[in-house]
Structure formats: C-alpha cells, structure tokens
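A short worksheet on the structure shown next.
The values are calculated or read from the model by the stated rules, or taken from the named source; none is laboratory data. Please read all numbers here as calculations on a predicted model, not as lab measurements. Backbone-built Cβ (ideal geometry, glycine too); neighbour counts: all protein chains shown. For the accessible areas, the whole protein counts, side chains as well, though only heavy atoms, and no ligand, DNA or RNA atoms are used. Shrake-Rupley method; radii C 1.70, N 1.55, O 1.52, S 1.80 Å.
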Amino acid sequence: MAYETLQYEVAENILTITLNRPDKLNAFNATMLRELVEAFDAADKDDDVRAIIVTGAGRAFCAGADLSSGADTFDRDAKRGPVKRLPDGRVDYSDPNARDGGGQVTLRIFKCLKPVIAAVNGAAVGIGVTMQLAMDIRIASEDAKFGFVFSQRGIVPEAASSWFLPRIVGIAQALEWCFTGRVFPAQEALAGGLVSRVVPPDQLLATARSLAREIATKTAPVSVALIRQMMWRLSATEDPMEAHKIDSRGIYARGRSGDVKEGVMAFLEKRPAHFNDKVSSDMPDFFPWWDEREYK
C-alpha cells in the first residue's frame, strides 16, 4: 500500500507501521491522521495480519503535532474553517471540524482486532505519546523520551488520553506528568508503568518482533481479537457481573469452535496447534456486544 506519511509492511504475519516523516521527526499532521486510520482499517480486514508493530523512522517516534502553522496550529477555526454555531451563538461541538484529530486515531486503534505493540525508538511527545496509549504493549529504546507537554503549550491532553493514561499508570502518575508537562527518559517511563521494557536501540525492533511472532504463531486469532476487546472494554464497567456475562458468551461460542478442539488436542498430542478460524469471518454472533456511539 502506498502512503505519504507511513510505511506499511507485512512479513511473517506481522504488520509494521512506520511513521515516516523523518525530516520532521515524524510530526503528526492531517495526512498522517487519515493514513493511520486507513492503515488500521486495512489491518483489521487482512487475515494475514496477526499482530501490529508501530514505530518511527529516523531519530524520533513522533515529536508531536506539526507546529509549522505557528500560533494557529491548534486553532480549529483558522485551520479548518469556522466551526458551526448554534442559534444562540454557542459553538456546535457536534461539528466534525471541532473534533480532536488525535482522538480519531486512538479511537480507531482502540477498536482494532489485532494486538498492537509500540516500538518507541526516540522522542514521543504530545500526540506522539498519547497515540500509544490505545496500543497494548509499549517497548522503549534507551534513547526514547516521553512528554505529555500540553500544559506547557496552553492546551489540554487530547487523543482520549484522560481516559487511557490513568488506567495504564494510575491517576497520581498521570497527573504529575500532565501537570508538569516535562519530557522524561525511558527509565522513568518504565518505573511509572508507561512502558513494559527498555532495551538497547539496536534490539528494539527485534524485541518487538519476537513478541509479535509469539502471538502470531502460537495463538488463535479470533481468541486474541476477543481478548483485546474484552480487556479494554470490560475493565471500565461498574460491576464484574458485566464481565461474567461476556465471559460466558465467549466460553460458550468459542467452546464449540474448531479452534478450541484443535487447541485441546494439540496440547494432549504435544504438537503445535493449527488454528483455522479467521477474524474476518468467524467472530461469534454476540460480537460486538457494546452499544456503539457515533461522535455527536
């Protein structure tokens, strides 16, 4: 697939999406927004993709929003045209021009049916770090740096990070990083629970690919798709009974599948399992179970 701001490469059932504006430190712009959404759309439709790695070309993962527009960078009226107004003059926040672009990316990643690994090779600031929060596993190079710098730019955290970040690192750590807006090294990200591993730069992609390969070669893709959505969505419900309801549906539906019979027999016969069910055609009839709400 041809993209202007990304590289999209599938090998050994692993999709590697590389943010590819190295001369701009992979700064995020409207084209990258659109292409990331398109890339995740394509990945979900492709049964050959069993896991996804996201990384950056050159020295940075993503240095944040492209600030080349200067003072008008975050002014929606100036950048996209005047946002609609209600009869009383108040802003009509249902106007798509008022939407946060980073949130459109993280919401798409959130809906993804494939596991997503961030391989953070360098600076990850602003949207460069908040886009990672909807990814499942973050592995950082020793050269990586992170920054929730919004308070130092006079704006607020975006990309639905006020929902994701406290769930990942806890409210106190999330507030410290967002209050100060400071840039911090990979070891602090590890200590704070933002990343799960810090590795030498020359081992970053190999480490991410090893983990992705383990998922791609040893697991049932429909099970992984369900696990991903169950973990993300059910961790936010008010009562474990809601999780029990979906667990029960999942165990019933998958328990009758060819994948489960194969998984059990492969274990008993001490051989690798060969799972044939596909995400594109064999998701259970209760999926999706949640109430999808469009942006309004």
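Comparing 212, 258, 241 along the charge dipole axis of region 206-296, the residue lying farthest to the positive side is 212, per the Cβ-charge model.
Exceeding 18 Å between C-alpha atoms, which entries from my cross-link table qualify? They are 84/111; 24/145; 45/114. Those over the limit are 84/111. When the Cα positions of 11, 119, 103 are compared along the charge dipole of region 1-143, 103 comes out farthest toward the positive end, with charges on each C-beta of Lys, Arg, Asp and Glu.
In region 112-234, a dipole from Cβ-located charges (positive for Lys and Arg, negative for Asp and Glu) runs towards its positive end, and of 129, 168, 224 it is 224 whose Cα lies farthest in that direction.
The 3J(HN,Hα) values that the Karplus relation (6.51, -1.76, 1.60; θ = phi - 60°) gives for region 190-196 are, in residue order, 5, 5, x, x, 6, 10, 9 Hz. Gly and Pro appear as x. Net charge of the neighbourhood of residue 126, taken over other residues with C-beta under 14 Å away and scored Lys/Arg +1, Asp/Glu -1, is +1.
Put a plus charge on the Cβ of each Lys and Arg, a minus charge on the Cβ of each Asp and Glu, and nothing anywhere else: the dipole of region 150-296 about its Cα centre is then about 340 debye. The magnitude of the dipole of the chain, with charges of +1 and -1 set on the Cβ of Lys/Arg and Asp/Glu and taken from the Cα centre, is near 220 debye. Per residue, the solvent-accessible area of the chain (1.4 Å probe, heavy atoms of protein chains only, all protein chains present) comes to 51 Å².
Shown here: Cα extents along the principal axes in Å, derived from the displayed model; of the candidates (i) 65, 52, 41; (ii) 53, 39, 36; (iii) 52, 43, 38, it corresponds to (i).
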